[in-house]
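Encoded as structure tokens, the structure appears first; notes follow it.
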Amino acid sequence: MKNLFEVEAAIIGAIIDRPELFLKLNEKLSPSDFSPQSRLIFTAIKELFSETGKVDFPSLLNKLNKKVDASVLKAIAEYGGFTVDVDNAAELLKKASLKRKLESALSGTLKQLSQNAEPEETARKLEYTLCQILSQKYRYNPEIPDLLTEYELFVRELKRNPWLPLPFTRIQQAIGGIIPGTFWILGGYTSRGKTSTVVELATYLLKKDAVVVHFSLEEERKLTVSRYLANLTGIPILAQLKEKLNGEAARTLEDAKTYLSSKSLYIYDDVFDLQDIYFRSQFVQTEKGKIDLIIIDYIQLVRIHGCRNLTEKMDAAAITFREISKRLNTTVIAISQIGREYTRESAAIGFKGSGGLEAACDIGLWIDPVPDKERQFYLKLRKHRLGPTGIFLMEFTNTFTSVREVNDKNTKNEFDKTPGQIETSIDESREFFEENLEEIDEY
């Protein structure tokens, strides 16, 4: 095939010759991938297949009704008689389409700049456009037979590559794992362990070689790093920052830094716009080939232009984060503040600015304190699209640096310390970290 037109003609000709190829190619290509004349033909084929379940040349000519040049149809008819590697042809067309769309986006940006458009806003629009182009996934046909085929392939793939597990045994049994393409929200009172719980989850996933992107919208990123180090070592944040650690403690902390630097953890504290969050996430996915978890800490601080109040803002955020989870095939966990109207007896989940948040999330988690027990809290699974809800008793361990289920014998980090014991029990902290490293090697 000498040029792009011949590639397009080969693809369309192959479909006419073997109509069963259409379902396969329709998952990979969209009409916008073709040049204008071929686009009309591909669209007509799609309509015919939808109407009759088959494609033939006379029906196609009738459908087109002389909208396409006769020379184009003749070339397609000729190519239909040859054996063509349609997968290779589709890949060539996809790359050519991507190049054309990128050239169009860059040309439009240069035109805007020549007309004295605001550079920063123009750059932001270009970023968003590039993300949309890069994140285009294979297409699918929503007819039930094709969806059932897609479902069967999904189940087979899931059995080969199970979802990443959660670090809490009973919650894992209830939810099933970190489910790609889902949007989770964790809400609760201030300073009750929301971020600590999410960091516990993220640290556990890093041990499984997951790719984690943490958007820290409230906390400076160096402090967020210290949270991860605290979770790994049991050394509290203030002890890391202010105390003079002994040799053993210092070595434990250095080991944790070395370990963490080898993992795919990205922490941003300077990203607030929804479009920027999407762009940075897409950048990481392009670089690493996947993202397993995106953390938004916390969702009420996301900046959304044009929203008149918090409810509108949260509705827009919920829709966007749900879209990001599906488009990037990842799990998005957003931390949420509590709504003033929330009470423990309330039937509503109670996320601040709620409404859209409750409706959009697939998993709705909530933290409630246990009266008179500072170290314990209830983690309530209040919404679950795929299974049951439930209440799980949790507790802080290691001087509030990690979280575990109460009475979960499979959960590690079972030793505990108080602030006054940091120096005397740091050997335990190092042993804990080395045990984790051994588990990682075995895994």
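The values are calculated or read from the model by the stated rules, or taken from the named source; none is laboratory data. Keep in mind that what you see is a predicted model, and the values were worked out from it rather than measured. Glycine gets a Cβ as well: all are built from the backbone with ideal geometry, and neighbour counts include every protein chain shown.
Somewhere in the range 174-183, is a residue in the same structural domain as ARG375 (by TED's automatic domain parsing), under 21 Å from PRO236 (Cβ atoms), touching a helix residue (DSSP H, G or I) at 6+ places or on another chain (Cβ under 6 Å) and of a type outside the set (Ser, Thr, Tyr)? No, the range 174-183 has no match at all. On inspection, LYS54 fails the criterion of being on the phi > 0 side of the Ramachandran plot and part of a loop (DSSP other than H, G, I, E, B). Considering the range 17-64, and only residues there that are in contact (Cβ under 8 Å) with a residue 40 or more places away in the chain and in contact with an Asp or Glu (Cβ under 7 Å, 6 or more places away or on another chain), the residue that is surrounded by the fewest Cβ atoms within 10 Å (Cβ to Cβ) turns out to be LEU23. Being in contact with a helix residue (DSSP H, G or I) (Cβ under 6 Å, 6 or more places away or on another chain), closer than 15 Å to TRP184 by Cβ and modelled with pLDDT of 65 or more is a property that VAL332 has.
Taken over the range 302-316, the criterion of being at pLDDT below 90 and either assigned to a loop (DSSP other than H, G, I, E, B) or among the hydrophobic types (A, V, I, L, M, F, W, C) (or both) is satisfied by ILE304, HIS305, GLY306, CYS307, ARG308, ASN309, LEU310, MET314, ALA316. In the set (1) closer than 30 Å to ASP276 by Cα; (2) surrounded by 11 or more Cβ atoms within 10 Å (Cβ to Cβ); (3) without any contact (Cβ under 8 Å) to a residue 40 or more places away in the chain, the condition left unmet by GLN115 is number (2). Comparison of SER35, SER30 shows that the only residue that is in contact with a Lys or Arg (Cβ under 6 Å, 6 or more places away or on another chain) and closer than 14 Å to LYS94 by Cα is SER30. When residues in the range 242-259 are screened for being crowded, with 16+ Cβ neighbours inside 10 Å, without any contact (Cβ under 8 Å) to a residue 60 or more places away in the chain and under 27 Å from THR330 (Cβ atoms), 0 of them pass.
Figure legend. Inter-residue proximity from the range 172-186: first residues closer than 14 Å to PRO162 by Cα, second residues at pLDDT 95 or above and part of a helix (DSSP H, G or I), beta-carbon distance below 9 Å, spacing 6+ or different chains. Indicated pairs: ILE178/LEU201; ILE178/LEU205. State yes or no: is PHE42 out of contact with any Gly (no Cβ under 9 Å at 6 or more places or on another chain), in a helix (DSSP H, G or I) and either outside the structural domain of GLU91 (by TED's automatic domain parsing) or under 15 Å from ASP87 (Cα atoms) (or both)? So PHE42 does not fit the description; no.
Within the span defined as the range 359-373, every residue fails to be at pLDDT below 90, under 24 Å from GLU200 (Cβ atoms), assigned by TED's automatic domain parsing to the domain that holds VAL403 and among the aliphatic types (A, V, I, L, M). Beta carbons closer than 6 Å, at least 6 apart along the sequence or on distinct chains, never pair a first residue in the range 289-306 that is at positive phi with a second that is of a type in the set (A, V, I, L, M, F, W, C) and surrounded by 24 or more Cβ atoms within 10 Å (Cβ to Cβ).
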